[in-house]
Each structure stands twice: as C-alpha cells, then as structure tokens.
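This report concerns only the one structure given below.
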Amino acid sequence: MASIINVNLPHQSYEIAIGQGTAPQAVNTPLSIDQLGEMMSNLKLGKKVLLVSNPTIFKHYGERVLTSLEAAGFEVVSCTLPAGERYKTLSSVQKIYDTALLNRIERSSTMVALGGGVIGDMTGFAAATWLRGINFVQVPTSLLAMVDAAIGGKTGVNHPQGKNLIGAFHQPRLVLIDPEVLKTLPVREFRAGMAEVIKYGVIWDAQLFAEMEQSKRLDQLRYIKAELIESILIRSCQAKADVVGKDEKEAGLRAILNYGHTIGHAVESLTGYRVVNHGEAVAIGMVAAGQIAVKLGMWQKEEAERQDALIQKASLPTQLPSGVDIEAIIEALQVDKKVQAGKVRFVLPTQIGIVTVTDQVPSDTIQEVLQGMQFN
C-alpha cells in the first residue's frame, strides 16, 4: 500500500505517493515506478510526455518508466543529460528545450523528471519556462531528491557565481517515490540524502531525530532497518509538505528549510561542485550553523554534539575541505539568494526540532567558527 501525503497549496495541490518498498508488511498493491502511467492518467494530463533523465538512471529504470507511460496511452520522447551538479546549467536546459521543440511539446504536455535533485531541478525549470509553463511530474531516484529536492516546486540552475541563482517556483502535479530504486543508489549519494533527513530532525521533527539516534548506522541503506527507511521517507516528506503548505514561496517559514545551506552552498560553489556533493556541503553547513548558535548562546552545546554525532554516523564530513579559503566563503555568502538588505540570513537551532532565522550573526563569529572547522 502506498502512503499518500498531500501538499496543500492555494493554486495547485498535489500528492506525494510513497511506496513501501522493502518494509515487511504484507502489501496488496505495492506502489512502484511501474504505476507512473496509471497515476498520471488519473490527473487528466495531455498525451505528450518528455522524459528527462541521466544515462545511469535511464539505464536502470528508463525502460520500465517508458513501458508504464506508453501502456497508459502517452506518447513519450526522452532526453538524457549528464549527471552532476556542475552540469546544472542553462546550456543543459537548452538541450531539454531543443528536444521539446523538435517533438512539438505543447502547453498540455508534461515533462517527467526521472533522477536525482539535479535532473529534477533542471526539468522543473524547463517545464516552468517552456511555453510559459507546462505540467511537470517528479520521479526522484536519490534519497536527497525523495526527501527534499523533488517536493516544493523550487526549480533552477546554477550561475558561475552561485548556486541556484536562476530559477522559478513551479509545483509538480505528482511526486512518485519508489523506495526500491534506492538499492541502486551509490553509497556516497545515499549519505548525501541523509544530510537532508538530519536537517528535518533538527528544524522540525525531534521524533525523527530520536529515531535516527537509535539506529546503529546511518551510512548505508543495507544497515538501516526497512521500518526506519519508511519512517525517514514519510516523516521527511510530511515535514517538507507542512512547511511548503504554510509558505509556498519562501516569504517566511520556508526559509528554515535552508538550514545548513548558507555556508553549504558557498562551499559547493567555491569547490566547483567537484570536491563535495550537495549533502556533504549541507552537513558541513549544519555543523557550522550549530556552532554559531552555540557561540551566540542560542543552543546548548550538548544538543549541537548530538547533531554532529548523527552527521558522523552517516559518514558525512564535519570539517571544511582542505584549501578552501575562509575569506572566500564569507565573500560568497554575500551573493547567496537569502541575503536581504545586504545582510546574510542564517537558520540557527534553539533546540532539536526548533530553529529561528536571524540576520544578526557577526562576521567575526562566522570567521571564528570556520577557522575551527579547517581541515587538519
């Protein structure tokens, strides 16, 4: 049986459908990517579909998705783009546009993203801007995309000077999550997703945080009980849906989802998206934000240590990559999307499950924390 989470929005609500995957319960109708065509048919979408993926994911799951869509009567064309954050550019999106033009993708058509966060972000941005906006469906294949990137309608690409500076809000019509596909996810990518899950524990869900503390390991799928994986997916998606439902376009509350991302994005862009992946950068950013909160007297040192212990349990980094210049990080913060009136806004914890957003973080505090996180 699937778990259905509703993302309730004023203009276009949608469902996140989560299969049970490896959970031990008896299931009557297991939800998988093979049901995509049927679920999209129920949404009364146009017949033309442009499927966007990367070569590795397409090799694993492309045929199953194509078969499902074609069996439901959709006419499908596909476009594959290289994997990796450094390819999340306007030139990659141009390839989606070219495929759309060649195949006469219309206003009633749908773009389907089959892949991780990079593919989802680019496909969503292409869908938001092709013919001023067409339908869009997310089929995330990485843990990070399942719990975070595929939900909430943030789409975009990177600019050479900063991450996700070019983008649009464009909500999907459906998010279909099949936990079985995590079995082919590389270990490093699984760990990257765990960073976002830990984030939800810190900012919103103390029970999820406690559940993860009970697990002996968080660094590989095979060492984590199926029940915990199911809880991680459902609770993380529910957290994201709750926040986005209250604040679709980041006017206030939604900013808390950027916990760990302020310094994380700077580290990513300064290392050319080649040294650390997104989740690793977020882990570094969460450690930094936790230490800033402790230094400002907002958070107890013991709780920061509990956070860092979970990050280490997921085999994620807690230090800056070697060679990253601290002054360059502080400079990069000034071009972050979250800067308002020239002030950098930080999401800082006050207790596990609760955070606050503030622009009252002195530069010398940031500098002191980053110096303490330099690679030895």
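The values are calculated or read from the model by the stated rules, or taken from the named source; none is laboratory data. For clarity, every value in this text was computed on a predicted model and none was experimentally measured. Note that we place each Cβ from the backbone using ideal geometry, even for glycine, and neighbour counts take in every protein chain shown.
The rows are residues; the columns are (1) in contact with a Leu (Cβ under 6 Å, 6 or more places away or on another chain); (2) surrounded by fewer than 24 Cβ atoms within 10 Å (Cβ to Cβ); (3) over 17 Å from residue 366 (Cα atoms).
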| residue | (1), (2), (3) |
| --- | --- |
| 262 | no, no, no |
| 267 | no, no, no |
| 272 | no, yes, yes |
| 278 | no, no, yes |
| 293 | yes, no, no |
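Among the hydrophobic types (A, V, I, L, M, F, W, C) and within 19 Å of the chain's Cα centre (by Cα): does that describe residue 267? Taking the combined requirement at face value, the residue satisfies it. Note on region 106-216: enclosed helices (runs of 4 or more DSSP H) holding 2 or more residues that are more than 30 Å from residue 302 (Cα to Cα) and at pLDDT 95 or above are 117-129.
When you go through 355, 344, 324 one by one, which is the residue that is modelled with pLDDT under 90 and among the β-branched types (Val, Ile, Thr)?
Sole residue among the options that is modelled with pLDDT under 90 and among the β-branched types (Val, Ile, Thr): 344.
Is at least one residue of region 88-105 farther than 16 Å from residue 119 by Cβ, modelled with pLDDT of 95 or more, among the basic types (Lys, Arg) and touching a Leu at 6+ places or on another chain (Cβ under 6 Å)? The answer is no; no qualifying residue exists.
Every residue, every condition in (1) in contact with a strand residue (DSSP E or B) (Cβ under 7 Å, 6 or more places away or on another chain); (2) part of a strand (DSSP E or B), yes or no:
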residue: 6; (1), (2): yes, yes
residue: 20; (1), (2): no, no
residue: 30; (1), (2): no, no
residue: 36; (1), (2): yes, no
residue: 50; (1), (2): yes, yes
residue: 56; (1), (2): no, no
residue: 82; (1), (2): no, no
residue: 86; (1), (2): no, no
residue: 99; (1), (2): yes, no
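Taking region 296-317 as the range and being surrounded by 15 or more Cβ atoms within 10 Å (Cβ to Cβ) and either β-branched (Val, Ile, Thr) or in a loop (DSSP other than H, G, I, E, B) (or both) as the test, the residues that pass are 296, 298, 299, 300, 311, 314, 315, 316, 317.
Residue-wise test of (1) out of contact with any Phe, Trp or Tyr (no Cβ under 8 Å at 6 or more places or on another chain); (2) over 14 Å from residue 260 (Cα atoms); (3) of a type in the set (A, V, I, L, M).
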{"position": "303", "(1), (2), (3)": "yes, yes, no"}
{"position": "319", "(1), (2), (3)": "no, no, no"}
{"position": "333", "(1), (2), (3)": "yes, no, yes"}
{"position": "363", "(1), (2), (3)": "yes, yes, no"}
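Please verify whether region 159-171 includes one or more residues that are closer than 30 Å to residue 49 by Cβ, of a type in the set (Val, Ile, Thr) and assigned by TED's automatic domain parsing to the domain that holds residue 93. Yes, that holds for at least one residue.
Filter region 107-144 down to the residues that are touching a strand residue (DSSP E or B) at 6+ places or on another chain (Cβ under 8 Å) and without any contact (Cβ under 8 Å) to a residue 40 or more places away in the chain and list them by number. If the condition is that a residue be touching a strand residue (DSSP E or B) at 6+ places or on another chain (Cβ under 8 Å) and without any contact (Cβ under 8 Å) to a residue 40 or more places away in the chain, then 120, 129, 130, 134, 136, 138, 140 are the ones that fit. Condition (residue is closer than 30 Å to residue 228 by Cα and touching a residue at least 40 places away in the same chain (Cβ under 8 Å)) applied to region 87-106: is it met by at least one residue? So far as region 87-106 goes, no, none of its residues is closer than 30 Å to residue 228 by Cα and touching a residue at least 40 places away in the same chain (Cβ under 8 Å). Against the test of being touching a residue at least 40 places away in the same chain (Cβ under 8 Å), more than 27 Å from residue 4 (Cβ to Cβ) and outside the structural domain of residue 10 (by TED's automatic domain parsing), the options 263, 229 yield a single qualifying residue, 263.
Among all positions in region 262-275, there is at least one residue which is in contact with a helix residue (DSSP H, G or I) (Cβ under 8 Å, 6 or more places away or on another chain), at pLDDT 95 or above and not hydrophobic (A, V, I, L, M, F, W, C).
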